[in-house]
Amino acid sequence: MIRWAVAAATVLMCLVTALAQEEAVGIVIEAEDFAERVPDDDSFAGTADDVYASGRRVLVRFYVDGRALYRFTAAQAGTYTGWMRYGALNPISLRVAVDPEGEPEFQTAELEPTGGYSGKGIWGWARVFQAELAAGEHELVIGGAAFRPDCLYITPGDDEPTDELVITDWAKSLDAETWALIDRPLTEVRPDWLDEVEGYELPAWYDEHRVQLHTRLGPGHMKLPIFLPTAAALRSMGVRTFVRHIKSGGEGAWWPSAVGAIFPGCEERNLAQEIIDDAHANGCRIIAYSRHMEDHALFWEHPEWAARDDRGEALQARREKICFNSPYDDFMQTRLLELVDMGVDGFYFDEVHMPKIGCWCENCKRLFKEQTGLDHPEFYDPSNPIWHKLIDFNNATIERVFRKWRAAIHERNPECVMLIGSNTWPTMADRHMTNRLFRIADSMKSEYTLALRMNGRILPPGPDAEPFDPEVKLALGYALSRDACDGRPAHIWTFNLQDEASALYAAAGMMTHGCIANIDVREQTIPNMTYKAAFELGDRVSPYLHQTKPLRWAAVHYSELARDQYKLDGEEAWREVLFPVYGSYAALFRARVPVGMITDSQLEEGLLGGYRALAVPAPEHLTERMAEVIAEFEAAGGVVIRNRDEWAWHSPDGQQAAIDSFIQALGDEPAKASVQATGGPADMHVDSYVNRAGDRLTVALCNEFTWVFTGRNPPAPEDLPKPPPDCEGVSVMVRDRGMPSRVFDAVTGEELGFTQVDGGVRVTVPTFGYMAVVVAEF
């Protein structure tokens, strides 16, 4: 596509018919709109999406020895300059030829590095030719080089173009009425429908085994002997609760469902019932992985239900995705209730639920307009505030559907548990999903190192950001996953643990932070005794975490509302909100005091009971109700630490100084904390829990655990990371609870001595490798 840039225009005009108009001062040609290329296949000059590129696409694989030819029309004779917008990591000598006859005789243009190949902030402009041209048709040939061309700008002028030529500045292009509609919230910070979950407690079966198993036995494994029966082999590993596929992707139901397609062979056979019965017959609970986003047959029956991208194409993952803003929510609810009636104990809703980029189906376009008053955005563009409004709409859709399914499931069986996947939410770097969703989740599904995945395409922290301490960042992710669900344990999928030590340290880390370790076992290895020790550890520790709540002393406010004030600038969001959240948590983690997270809806609800201290990382972005709650907390004697401008949490040189100043601001409060651990290595983790009766305190401690390898392509056994040194010299101070009747370590069963000191008791913790769990009974 050739586009004329018009000097007076605020938005680039895309009219080829403007060829002869006098105000036309230049032509924009998208790099992907070549007339010819050699070689003529995608081995050279293929295309890739990049929302920060002109036209949202960029050329890739341009480093091949090839060339691309472009044709354009000069409206009048004169001197023309050609500019290239591009991304490059290294200096480039670019071969360029204008109007070649036969084999091109190239000139060379020198291009400077821009800092990368794609993404926000890496694009540069360079002059690639200047030539005297007659009026009429011309050709330009660009030779292959190790860079990514975005677009060409050919102009009779000589001024270097800027990105405003090809990238819309939405802040300038939207009028006041549109901004008012954008700023109008779709959902309250604390909506009334959260009353539905007030007082909810997990059923006893769900968290009485804090180490569980995950198997992905699916259609590709049906010929394996272990496919069915399975549960006896899992019980031999020590498993009591497991997640198992009962629909892996877009295939039909594994049972004769009343709606939709049936998986071949299941028209007369209820395979789902057989799987559920196999679990129960062997004394196990089963959580069904029943894929809820894709359905191949339904797509062909109802293409209007499909989730679609901004080009109108059906979105796919494990076959075609179906949009929640269609009758699919009723269709899926029918199937879920069929499984509840078969006796399934829970549901495992994985992944993103609705497309992260938004959906362009007709239902979404219509409902978005009805609910916001805005026209649906044309395309995915994180720089467009209207696209961000689409994400708000997306999130409200997800919340609506899961509220509906939760009510139906719990009405049929109150003890059937609903796990809702959080995808990248625990990173804090993505606006997909909100804290409100996890208030209605019985438990959040997350993944072992997910909080460390900081390549967020929406809110990246920036290249100069201080690297996170992985132990702290992962602990923060687990605390957020747990506390967003009002203290209920998050369910953490952990894939491809390589040996017994890795499994023990990983399980210890997840349980220490009040989560459930969900260990994935490779299907061909069942029964895999590598993990038996981890399940045995869970058996020893779980009774003292079962039906507990995190002990409250300090809270850190994680405000999506504040973060979203900077949604158009990820680096600013991190500097102003998210780094202060991380830094506040890091300071309290290092102080070894009980620390939890409080979300926007929880703070508006006033859920500060039991807390002594509150960190407010973004005090200038509180709602009126939040400010009232904090004022009441402070008036009742609570300590509030508001972020200070001089705390440079984002700076490589300022983070430790900010942590030190934060602790100084707390004064002597940490020395009065209800629980505080001392000794051991700097990256030792500590978290504390109290049972419902309030007469038993559990203090979980674990060694560092981010060294554990998970994921694909593991190193050779001899190259696997090794466990860290043991934790030595650890003691735990317990205050304000009187004298315990008994203190012991749940991991070893060893009785522990304690000493009465001013204000409480001090417990000496024996040296431990992966975990110690101090249990004090009062």
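The values are calculated or read from the model by the stated rules, or taken from the named source; none is laboratory data. What you see is a predicted model, and the numbers here were worked out from it, not measured in a lab. Here Cβ is always computed from backbone atoms with ideal geometry, including for glycine, and neighbour counts include all displayed protein chains. Ligands, DNA and RNA are stripped out before the accessible areas are found, and what is left, the full protein with its side chains, is counted by its heavy atoms. Shrake-Rupley method; radii C 1.70, N 1.55, O 1.52, S 1.80 Å.
Descriptive notes on the structure:
- Cβ-based charge dipole, the stretch 561-667, positive-most Cα from Asn643, Val581, Gly596: Gly596
- Using heavy atoms of the protein chains and a probe of 1.4 Å, the accessible area assigned to Thr525 is about 60 Å².
- Aspartates and glutamates whose Cα lies under 12 Å from that of Lys532, excluding same-chain neighbours fewer than 8 positions away: Asp499, Glu500
- Take every DSSP beta bridge whose two residues both sit in the chain; close to 70 percent of them are antiparallel.
- Taking 0.36 nm per residue of separation and subtracting the current Cα-Cα distance, fully stretching the chain between Asp645 and Thr678 would add 8.8 nm.
- Additional length obtainable on full extension of the chain from Trp205 to Leu568, 0.36 nm per residue less Cα span: 126.3 nm
- Of the trypsin sites (Lys or Arg not before Pro) found in the stretch 431-507, none is in coil by DSSP with at most 11 other Cβ atoms within 10 Å of its Cβ.
- Take the Cβ atoms of Phe106 and Asp499, set R0 to 51 Å, and the FRET efficiency comes out at 0.35.
- When Cα Rg over 2.2 N^0.38 Å is calculated for this entry, the matching label among (1) 0.99; (2) 1.20; (3) 1.06 is (3).
- Remark: the chain carries 38 Å² of accessible area per residue (probe radius 1.4 Å; ligands, DNA and RNA excluded).
- Listed cross-link partners Lys120/Lys321; Lys321/Lys365; Lys473/Lys672 are compared with a 23 Å cut-off, the Cα-Cα value being larger for Lys120/Lys321; Lys473/Lys672.
- Share of carbon and sulfur in the accessible heavy-atom surface of the chain [1.4 Å probe, %]: 48
- Within the stretch 357-423, the percentage of alpha carbon pairs spaced more than 15 angstrom apart rounds to 59%.
- Label point distance in nm, Ala693-Arg453, each placed 7 Å from Cα along Cα→Cβ: 4.2
- Spin-label model, Glu132/Ala35: points 7 Å from Cα along the beta carbon direction are separated by 2.3 nm.
- Charge dipole magnitude, Cβ of K and R +1, D and E -1 - the stretch 658-713, Cα centre, debye nearest 20: 300
- Residues Glu351, Glu32, Glu523, ordered by accessible area of protein heavy atoms at a 1.4 angstrom probe radius and largest first, appear as Glu351, Glu32, Glu523.
- Mean separation of Cα contacts under 8 Å, 6 or more apart, over the residue count of the stretch 385-496: relative contact order %: 28
- With both labels modelled 7 Å from their Cα along Cα-to-Cβ, the Lys532 to Arg712 distance reads 3.2 nm.
- Whether the stretch 77-229 is rounded, prolate or oblate, judged on the alpha carbon gyration tensor where a/c under 1.5 counts as rounded: oblate
- Added length on full extension, which subtracts the Cα-Cα distance from 0.36 nm per residue, Asp668 to Arg412: 87.0 nm
- Between Ser741 and Arg762, the C-beta separation translates, for a Förster distance of 22 Å, into a calculated FRET efficiency of about 0.85.
- 16 Å Cα-Cα reach of Lys549 towards aspartates and glutamates, excluding residues that sit fewer than 8 places from it in its own chain: Glu198, Glu201, Asp207, Glu208, Asp442, Asp483, Asp486, Asp687, Asp695, Glu777
- Loop sites in the stretch 209-298: GluC sites (Glu not before Pro), DSSP, at most 14 other Cβ within 10 Å: Glu267, Glu268
- Dipole moment magnitude, nearest 20 debye, the chain about Cα centre, only Lys, Arg, Asp, Glu C-beta charged: 2440
- Filtered trypsin sites (Lys or Arg not before Pro), the stretch 50-98: DSSP coil and at most 16 other beta carbons within 10 Å: Arg61
- Counting all C-alpha pairs of the stretch 464-509, share separated by more than 16 Å (%): 54
- If R0 is 25 Å, the Cβ-Cβ spacing of Ala314 and Tyr63 corresponds to a FRET efficiency of close to 0.20.
- Accessible-area value, His302, 1.4 Å probe, nucleic acids and ligands omitted, Å²: 50
- Charge tally in the Cβ shell below 11 Å around Glu751, where Lys, Arg are +1 and Asp, Glu are -1, Glu751 excluded: -1
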